[in-house]
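None of the figures in this text is laboratory data; all of them are computed from the coordinates on show. Source: prediction; values computed, not measured. In this analysis, Cβ positions are derived from the backbone assuming ideal geometry, glycine residues included, and neighbour counts consider all displayed protein chains.
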Amino acid sequence: MQFLGISPTELIFIVIILFLVLGPQDLVKLGSSLGRSIRNLRQSGAWKTFTDATRQLRELPQTLARQAGVEELELMGREIGSELKQQREKIEELDRQFVAWTRTPTASPPAPLESETKPPEGE
């Protein structure tokens, strides 16, 4: 895991160097002053402005989509899709009825014609 592009081992190395350079007394003073500075920064108006700006940037795609009416278009698309599905089902049902109406029954063979049952006269 990295924090500001610094790995944990690099961070430990930096703390050891600070401890060697400043000593234990100055390191405690540095930590407390750094903590106060960070707290003051977080409570400042500039920090609030910065966090608001980053939140707005994260929400920008959703805001633009809402303003452009993308949700309404998606809803209309779903409605049209469901209507098309219903129409397709109606057409398939009519097609089944039409095929049933035009199909010749095959349960019994057609009766032979009289000319087919009489023997030819010349015989």
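So here's what we get for this one:
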read-out: Residue list for the range 34-75, restricted to those being among the β-branched types (Val, Ile, Thr) and within 31 Å of the chain's Cα centre (by Cα); value: THR49, THR51, THR54, THR63, VAL70
read-out: Inter-residue pairs, beta-carbon under 9 Å, first free of Cβ contacts under 8 Å to residues at least 40 places away in the same chain and in the range 51-77, second among the hydroxyl-bearing types (Ser, Thr, Tyr), 6+ apart; value: GLN56/THR63
read-out: Lone qualifier among LEU34, LEU27 - being assigned to a helix (DSSP H, G or I), touching a Leu at 6+ places or on another chain (Cβ under 9 Å) and hydrophobic (A, V, I, L, M, F, W, C); value: LEU27
read-out: Cross-chain or 6+ apart pairs with Cβ under 6 Å, the range 32-48 first and free of Cβ contacts under 8 Å to residues at least 12 places away in the same chain, then part of a helix (DSSP H, G or I) and among the aromatic types (Phe, Trp, Tyr); value: LEU41/TRP47
